[in-house]
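Input: a single structure, listed below in structure tokens.
The values are calculated or read from the model by the stated rules, or taken from the named source; none is laboratory data. Quick caveat, the model's predicted, so the values are computed rather than measured. Here the Cβ positions follow ideal geometry from the backbone for every residue, glycine too, while neighbour counts run over all protein chains shown. Please note that ligands, DNA and RNA were not included when accessible areas were found on the heavy atoms of the full protein model with its side chains. Shrake-Rupley method; radii C 1.70, N 1.55, O 1.52, S 1.80 Å.
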Amino acid sequence: MASDHERLRALKAFDGTKAGVKGLVDAGVTTIPAIFHHPPDSLADAPHHHGHHQFAIPVIDLAGLAKPSGRASVVGAVRAAAETVGFFQVTNHDVPEPAMSEILAAVRRFNEEPAEAKAPYYSRDPERRARYQCNFDLFRSPTACWRDTLYMEMAPEPPPPEQIPPACRAIVPEYAGLVQRLGRTLFGLLSEAMGLRRGYLEEEAGCLEGLSVGCHYYPACPEPHRTLGNARHSDPSFLTVLLQDAVGGLQVLVDVDERRPAWVDVPAEACALVVNVGDYLQILSNDRFRSVEHRVVANTAGPRVSVACFFRADASTRVLAPIVAGGDGDGRARYRSTTVPEMLRHYGAKGLDGVSALQRVRI
């Protein structure tokens, strides 16, 4: 086991290349550096080694919203998914397929440019609204993950255009606008699923005020059994909308039966977007909706490209507190009031260590 001092030196040397995991792959590594080695228990098929389970993540067709009687059944399907597995896929979501293909291609193009073309965008400066980096928590988490990310805060205020790499400069704002429009639809459905009026989560809780985009690039890995593309975590967001390519690797921790959670694959469904409840919506819903842990496994196939849109306003001063409706359970708030910046400080300090930040504010 490397000492803390040796590990820090290795992290600094790696981060100093500004070339990310892609730089290692381009250098032809056949074994992965020790900073990427995860402990065996975090790599297991399931926390208790029960292998893959045939459990289907729900697919919800939003075309039903166009029919007079269709809305109630879509609301019911969203409610059932949000209350149980916390994940669902949506089809007929009005984000055009060409925009989906183009953003995946643009992210791939950027990551496959020469290292010297990407280096000027590589940054850990939180003041920059667009930054390219390998692992946001590289220096805080116990182990690094096999992925590089271009992260952009698009709303309430987008980055200056020159902060966004040329390959992504046009498509990212366009795609973010399309997902923002979908977000309005989704928060309307989730408001109604909570028994509230359609505009509630958008207007009263500010769920649409902020949008950040994480463009992930997971190169093929020579030793996928030793590492992860993304460690076990739940999302610091109200809602996350994910576009993934056909490679696959996203897994959700599902209670297959009462005794044992298991990792379940989220299949790459053509033209679908994956939606999951984030921690802030679990707080707002007072535990009715579940923010579920998930991870991305490493793969000898690749690269895997995905684009995650996080609905959250990182600087919002709004109070984040449970909406406790009169007829809802025992009417008791299960969380103390907090704010997004307070929650983010906690995620920032802890990194992806597999412990839910919700425990911090649970009553």
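Give, as a single signed number, the net charge of other residues whose beta carbon lies under 12 Å from the beta carbon of M154, with Lys and Arg counted +1 and Asp and Glu -1. Net local charge, M154 excluded: -3. Taking every C-alpha pair closer than 8 Å and separated by at least 6 residues, the mean separation divided by the residue count of the chain gives a relative contact order of 21 percent.
The stretch between D125 and H346 holds 77.8 nm of extra length on full extension. This uses 0.36 nm per residue minus the Cα-Cα distance. Accessible surface area normalised per residue over region 156-236 is 37 Å², counting heavy atoms of protein chains with a 1.4 Å rolling probe. From the Kirkwood radius over Cα pairs of region 153-218, Stokes-Einstein at 20 °C and 1.002 mPa s returns a whole-number translational diffusion coefficient of 163 µm²/s. Max-minus-min Cα coordinates of region 1-128 on each principal axis give 62, 41, 31 Å, with the largest extent listed first. Which FRET efficiency value, to the nearest 0.05, is calculated for S73 and R9 with the Förster distance at 45 angstrom and r the Cβ-Cβ distance? Efficiency, rounded to the nearest 0.05: 0.20. Altogether, the Stokes-Einstein calculation at 4 °C and 1.567 mPa s, with the Kirkwood radius of the chain over Cα pairs as Rh, returns a diffusion coefficient of 62 µm²/s. Counting only alpha carbon atoms, the long axis of helix 340-350 and the longest principal axis of the chain meet at about 40°. Using a Debye calculation, one point per C-alpha and no hydration shell, please list log10 I(q)/I(0) for region 189-279 at q = 0.25 Å⁻¹ in order. Cα-only, vacuum Debye calculation for region 189-279: -1.39. Straight-line cross-link partners of K67 among the aspartates and glutamates, defined as a Cα under 13 Å from its Cα and at least 8 positions apart when in the same chain, are absent. The orientation-averaged shadow of the Cα convex hull for region 188-232, equal to a quarter of the hull surface, comes to 5.3 nm².
Cβ-Cβ distance of A56 and D287, R₀ of 35 Å, FRET efficiency by 1/(1 + (r/R0)^6): the value works out to about 0.90. When each of the peptides 109-118, 19-28 is scored by how many other beta carbons lie within 10 Å of its residues on average, the order from highest to lowest is 19-28, 109-118. Would you work out the relative contact order for region 175-285, in percent, from Cα pairs under 8 angstrom that are 6 or more residues apart? About 22 percent, as a whole number. Helix 4-16: angle to the longest alpha-carbon principal axis of the chain, degrees 0 to 90, nearest 10? On a 0 to 90 degree scale, this one is about 90. For region 231-297 versus region 53-121, the spacing of their alpha-carbon centroids is 12 Å.
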